[in-house]
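Peer 1: Got a structure for you, questions after.
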Amino acid sequence: MKKFGLLGKNINYTYSPILHNKIFEIYNIEGDYEIFNLENESQIYNFLKLLKKEKTIGINVTIPYKTSILKYVDIISPEVLSIGAANCIKFENEKIIAYNTDYFGVLKTFEKMGLDLKNKKVIVLGSGGAAKATIKALLDSKAIVYLVSRNKIKAQKEFENIFFLSYEELVNSSGYLIINATPVGTFPDTDISPVSSEILQNFDFALDLIYNPEETQFLKYAKSKGKKVENGLYMLIAQGVKSEEIWNNLEFNYEKIYNDLIDIIYKK
């Protein structure tokens, strides 16, 4: 039985085991996908040593460890170097290798939404690991990116080639797409939104990277203003499919194979 899992904090809400068990079923992989909750970063080093000892194949990484995990790996892939965060770890030849499949998931979500991002103004809320992958995907799509962070000065030191706003400055902003890349609104705290409905009325599209609940307060606000919306489920599935490709040396070389597999699991 091959061992996989998800590392994070307070992540019992996740759908990841359902997603990966479906992939195991489709590809006849004898796999076990577990949830690993760690209370703080100081536990990561010994935890990774234990996983390596137990012959774990790979794990996903989520909030709040997508950036801090990089201190404990042996090899950092090129996309992680450019993004600054990892959400996929592979144990191979006694080495711990960091990848980022969130980037792929975000691009697939843009594709599903039918977005034309070139020269369009996009607002990203948050500056964590999910935001880093999202911003990279937006820049590669030629969007004009504005990052909104509660710590604007700190964010300015971490990101290049984008603009910065405070939440106070966001009140007077408008654009093509607004993305919630914060955890605000995740189950069980489902009755809160990082921004008001008045702000959301100034955008054409709203994307929330949260997938549980299916419709966050952020998306409810956007829908109440007649906006086109998408949650983070498609991104979750796409990044998971890419992770499985990395872990199990699968070859999803053709765009249709990716899309078909993602769509099958999405409908499930």
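The values are calculated or read from the model by the stated rules, or taken from the named source; none is laboratory data. Predicted, not measured: the structure shown is a model, and the values here were computed from it. Note that each Cβ is placed from the backbone with ideal geometry, even for glycine, and that neighbours are counted across all protein chains shown.
Peer 1: Residue check, Ile23 against (1) at negative phi; (2) out of contact with any strand residue (DSSP E or B) (no Cβ under 9 Å at 6 or more places or on another chain); (3) modelled with pLDDT under 95, all met but one. Which one?
Peer 2: All conditions are met except number (2).
Peer 1: Give the residues of the stretch 40-62 that are in a helix (DSSP H, G or I), of a type in the set (Ser, Thr, Tyr) and either out of contact with any helix residue (DSSP H, G or I) (no Cβ under 9 Å at 6 or more places or on another chain) or crowded, with 16+ Cβ neighbours inside 10 Å (or both), sorted by residue number.
Peer 2: Just the residues of the stretch 40-62 that are in a helix (DSSP H, G or I), to begin with: 41-53.
If we keep only those that are of a type in the set (Ser, Thr, Tyr) as well, we get 42, 45.
The one that is in a helix (DSSP H, G or I), of a type in the set (Ser, Thr, Tyr) and either out of contact with any helix residue (DSSP H, G or I) (no Cβ under 9 Å at 6 or more places or on another chain) or crowded, with 16+ Cβ neighbours inside 10 Å (or both): Ser42.
Peer 1: Looking at (1) buried (at least 23 other Cβ atoms within 10 Å of the Cβ); (2) of a type outside the set (Ser, Thr, Tyr); (3) out of contact with any helix residue (DSSP H, G or I) (no Cβ under 9 Å at 6 or more places or on another chain), which one does Ile237 not meet, given that it meets all the others?
Peer 2: (3)
Peer 1: Next question, about the same structure. For the stretch 63-163, list the helices (runs of 4 or more DSSP H) that sit wholly inside it and hold at least 1 residues that are touching an Asp or Glu at 6+ places or on another chain (Cβ under 6 Å); which are they? Steps first, please.
Peer 2: Numbers: elements: 78-83, 102-113, 129-140, 152-158.
Hits in the stretch 63-163: 102-113, 129-140.
Peer 1: Out of the residues in the stretch 110-159 meeting the condition of being among the polar types (S, T, N, Q) and buried (at least 22 other Cβ atoms within 10 Å of the Cβ), tell me which one is nearest to Asp204 (Cα to Cα). Break it down stepwise before answering.
Peer 2: Residues of the stretch 110-159 that are among the polar types (S, T, N, Q), as a first pass: 119, 127, 134, 141, 149, 151, 156.
Within this subset, residues satisfying the condition of being buried (at least 22 other Cβ atoms within 10 Å of the Cβ) are 127, 134, 149.
Values: Ser127: 22, Thr134: 18, Ser149: 21 Å.
Per the criteria, the residue is Thr134.
Peer 1: Does Ile35 satisfy the condition of being surrounded by fewer than 17 Cβ atoms within 10 Å (Cβ to Cβ), closer than 21 Å to Lys2 by Cβ and either touching a residue at least 40 places away in the same chain (Cβ under 8 Å) or out of contact with any Gly (no Cβ under 6 Å at 6 or more places or on another chain) (or both)?
Peer 2: Numbers: surrounded by fewer than 17 Cβ atoms within 10 Å (Cβ to Cβ): yes; closer than 21 Å to Lys2 by Cβ: yes; either touching a residue at least 40 places away in the same chain (Cβ under 8 Å) or out of contact with any Gly (no Cβ under 6 Å at 6 or more places or on another chain) (or both): yes.
Yes.
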